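Read the structure below first, then the notes.
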Amino acid sequence: MKTYMAVSARWALGLVLWASIFGKSAVAQTYHNVLNQPFRTIGNGPQSVVVVDVAHPNNKDEVQQAIAQRIRQVMQTRAAAVAPEIATLRRLHAFPLNHQIPVVDMVVVRHNGQILLPQAPPAGRSVPTNNQLTFVANTSGQYAFDVPTASALDNTVNNLLYPALVRRIGPPLWNGQVTILNKDDNPTKVSGIIGVTVVMNPDGSVDIDLPNFSTDQDKYLGLLQAMAQTFHGPLAIGYDAWEMGMARAAAVVVAQDLQGQFPTTQPVDPAADFYYTPYYDVLNQPALGNNTFLPPTKSNQTLTGLGGMLVPRLQMASTAWLKCFIQNPQFFINFNNAYYDAWQADHTIANDTVRLQQLASAAVGGTVEGQPFSNWFQQQYVLDTSVTPGPKEFLFVTPTLPDTTTPSDGAAIVVLYYNTTSTGDEIDLNSVCNPIFYDYSYTATLTLTGADQPINIVGGEGYTSPLFSGIAQAQRIEADFPVNSVNSRLYYPVHQFINGNGSPNEFLGVVVGSDNGTLSASFTGGNGTVVNTPVAQGAFGAVGGPAIPDNFTQVTLTFTPAGGGQPITYKRNVFQRKANLNTGLSNVSSLFILYAPTQTEVLYHVFLAGPQMISLPLQPLNPDLAQVFGLPPSQTLLAMWRQDAGGDNYLRYPSMPLYQPGYGFWTNFQGALNGTGQQNGVPILGVSTDVQASVSVGLEYGWNQIGDPFTQPLDLTADPTLGNTGGVEFQYQGQVANLAAAIANGWIAAGVFGYDPNAATYTDITGTLPTNSPFQQNKLLPWQGYFILVKVTEGITLTYVNPNLSTRGARLKLPVGTRALHVAPRPQQGWRLPLSLASDDGRVAIATLGQAPQGADTYVPALDAASPPPFLTGNSLSLFFAHPEWNTGRVVGTNFLSDIRPLNRSASWMLTANLPMGSHTYTIQWGNTAYLPRGLELTLTDLTTGSRVVMNGRTSYTFTAAPNEYTRQFRIDASPRNLLIPILTGLHVDLVPSGGRAVGLAAIVYETSTSGTSSVQIRASNGQTVRHLLAGRAVSMGLNRVVWDLKDDRGRALPTGTYLVEVTLETTDGRQTRSIVPCTIIR
């Protein structure tokens, strides 16, 4: 059984970091995309570089010393970044302790800002057939091989590896000598990393620093990639996905060609993991895209940040280009000839993926896997060299097969979570993921052993290992992995890796969109027999025997749905192999994800001109939203809010993340999109979400744009945890709650806000709606977008429950260990008074003030609704309470649409009216004041004119703005009651030592003159609150004591310094006092 494991222990990474081929003069030159569109990028230079600056390029000792120091620094930093990935592979038994990872780096030398490279080749229409590279193993000096070893290496490289490379990729694009040095640039072997370095010397020669390898497979695959990289020489392509990916693919092809010819008794696996993956369909995810495989992208700077995406990008890039080779075995030769010719005419093509795609399309013959090359290319996410800032998630999936200790199949899933900056750097993130597993029907959630707990993501990685022993029949399962604002979806075949005879299936997979039917498969290079297998509950698997070759092959898959549906044909280019006990090579079985168009639908909708917040109730088939709306990219004005995006926090098209149902975004069309023909509206083709029982998305801390993923409204007052009712659920740390409970528990702030394009203002759909509002109270409407504010820093999962019971079926089962929270409906306590600001052209904005027992002069998320972030600059009609002090240390903003103060006490509200135009008349209106508490008097003061009106008994106040007046402020006062003045005395802090000069705890002691509620918080020397110790705890008259562990709100020990201890006392009738004393901590 162990020979079946497709996760081989022998793998080699090939990372080539190129320096500039243009010789830029600026020493600190940085390279980036000057055209940055999905799958269409142009760079101003290579974006993965190792540049070594030297003062004396003719001093070889100085050059070698500088290179060695720089490479050691790069490798040690990379080793630390990749260490978690390696540790995971070892836990999965996919990377034994005695194996090493060869990582190939290319280095160039720079002198006075000028890159020193070998001489460029002469002009020509194609690569000269007499071009020649000579590889020589060094036998003298510091990095010498002994003569027998050097002779054997020369023979292998020049008489075996080099001719094989020329046969597959053509002659090198330049002439020269490559010296192979017996040199290890990373002698410490940190975390199993072993370094191979290709050095472009100032004198025009090239060196390969070759260390000692533990296995011959690692040695020859790494050496083949390094040699393939030298073929381009000074013509190197500036993107890793192209230059590195093609070289790694060439290494795989040659390794297959030379099976049985390598001078070793150890097998050299051409399908070694991370050179080729049979699980390409599963791993082909948007997070693969970036302008470089291992950020940061700036030259001559220490590598820092996440190493987790390096491994999947390496294996996916080589596999993607292998698909082109399988389509046309002359692909690499054709491409290199065309590229040589184009480079002679214009060197900048090395950094222009638009033109490179044209060359690749012609080289492969125009089609790949049954599709036009341009369409195919835009589906291979690893080849997307654009930078999309924001949080990203990638699911690194490895099958686990039955053995003597684990009798069930399953999967090992690594959740990689990181943030991409605007320059392409990637920063590890921490969070919690609550995965949701569905059966093939999408109507029942599954509780799987090994995956029944939340995934803690630390340092950018989290792990889960579901076993499928609890699933009786083979089927397709779906899993959502929501993390804050991102969500990845996994389709996976259960019980299909091993067939009923206990032997491995030679191909397997799932059909998405159809559950039953038949599948036929034919393979080029086999005996011509068609393999037929049933598709049951969305999954399939079969053995082909002699119909399937042990080689590269083109597969034609035809799925016929049950009930006489139209057959659907798919093409895949893959590598197949049966296990060979003689060579020790394991089987390679391809896993296919096939999408049946029976799940697709066309929806029509009219989109208004100007700014509006929308969502789409389906998953568009085309990932490019400009094409979805039928607009040229230059006229597609779209934006999505991201709390951590930087700048104004909006990611704009084309840098927006791939759209997923359940999220909202902004549009700002120049004109209305009405569609053409008989149908009214723009046709949107996509995958229907109405067939799913629920849709889950991740929400991050702060503001999030959401939207109804279904074609029917969702009731926000419903509680799906109580029965078969559509609505929304929020999941956080093993608890599930509806909207009311989520607000009551502090997960979500009050308010769900839509944008009214007619009034050009936000509307809280959970509150009072103005007349002629496009919204419905407490309803999420299809096609509308909304803002919601998450208050827990870990983020939460939002699940939309399908309101259509006929399609949703039985109630979703809560995961094991999950507790449902409920909030019983209760009468509103205190009082609320909605205020509306109306312009003379009919636009209306609303804000609400009030008092409640839970109200406060500080921010209360369950009561005080913050205004969502603005989308457009300039003046628009709005009414709000400005509280910049409430935003300290938070992400709520400074403007609030509701402001609820404590009950039974005096209060003042500062009200701001934003006016779109001067010289116009505006009216502030309010509701029936007869419902205010007896004896409470409200007065409104116009701070511009000084006019003062008693609001009791009146319903409005009208004013005319000055010609250039765009803001007016008002104060609303509640009349006072008979109040007692509390007194707080004797506040002091007793520090408890923990040894030496350091302290471990602090006792905060104070005395109160009356009973009430007390709050204690710690402020840093800059006045910001770092710890909330108490919040409204009941205290009695007399001495009170609170213990502080000298940590902040996140549980981190505060450093040495002086802090302010603040104690606030509030009586039952709302009177407050406070006292502050300093406290110095010495660590």
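Can you name the condition, by its number, that D550 falls short on among (1) assigned to a strand (DSSP E or B); (2) under 20 Å from Y275 (Cα atoms)?
(1)
Please work out which residue is surrounded by the fewest Cβ atoms within 10 Å (Cβ to Cβ), limiting yourself to segment 695-716 and to residues that are modelled with pLDDT under 90 and β-branched (V, I, T).
Applying the filter and picking the extreme gives V697.
Pick from segment 569-622 the residues that are small (G, A, S) and either part of a loop (DSSP other than H, G, I, E, B) or not assigned by TED's automatic domain parsing to the domain that holds P546 (or both): which of them is nearest to G671 (Cα to Cα)?
The extreme case among them is A609.
If a residue must be at positive phi, among the small types (G, A, S) and out of contact with any strand residue (DSSP E or B) (no Cβ under 8 Å at 6 or more places or on another chain), how many such residues does segment 231-284 contain?
1
I'd like to verify a number: residues in segment 372-415 that are within 28 Å of the chain's Cα centre (by Cα) and either among the aromatic types (F, W, Y) or not in a helix (DSSP H, G or I) (or both), how many?
Count: 30.
Sort out which residues of segment 446-468 are touching a residue at least 60 places away in the same chain (Cβ under 8 Å) and either closer than 15 Å to E794 by Cα or in contact with a Pro (Cβ under 7 Å, 6 or more places away or on another chain) (or both), and write them in order of number.
Hits for segment 446-468 are T447, D452, P454, G459, G460, E461.
Filter segment 50-72 down to residues that are touching a helix residue (DSSP H, G or I) at 6+ places or on another chain (Cβ under 9 Å) and modelled with pLDDT of 75 or more and give me whichever is nearest to V198 (Cα to Cα).
Looking at the filtered set, the residue picked out is V52.
Listed residues N649, N580, N622, N674; which is out of contact with any Cys (no Cβ under 9 Å at 6 or more places or on another chain), over 30 Å from L714 (Cβ atoms) and surrounded by fewer than 18 Cβ atoms within 10 Å (Cβ to Cβ)?
After applying the criteria, what remains is N580.
Take G526 and decide whether it is surrounded by fewer than 21 Cβ atoms within 10 Å (Cβ to Cβ) and in a loop (DSSP other than H, G, I, E, B).
no
Select, from T929, T894, T858, the only residue that is in the same structural domain as L835 (by TED's automatic domain parsing), hydroxyl-bearing (S, T, Y) and in contact with a helix residue (DSSP H, G or I) (Cβ under 8 Å, 6 or more places away or on another chain).
Matching residue, one of T929, T894, T858: T894.
Can you pull out every residue in segment 712-756 that is of a type in the set (V, I, T), touching a residue at least 60 places away in the same chain (Cβ under 8 Å) and assigned to a loop (DSSP other than H, G, I, E, B)?
T717, T725
Restricting the search to segment 846-879, which residues are modelled with pLDDT of 90 or more, among the aliphatic types (A, V, I, L, M) and in a loop (DSSP other than H, G, I, E, B)?
A856, the sole residue that qualifies.
The values are calculated or read from the model by the stated rules, or taken from the named source; none is laboratory data. If you're wondering where the values come from, they're calculated on a predicted model, not measured in any experiment. A quick note on method: Cβ atoms are made from the backbone with ideal geometry, for glycine too, and the neighbour counts reach across all protein chains shown.
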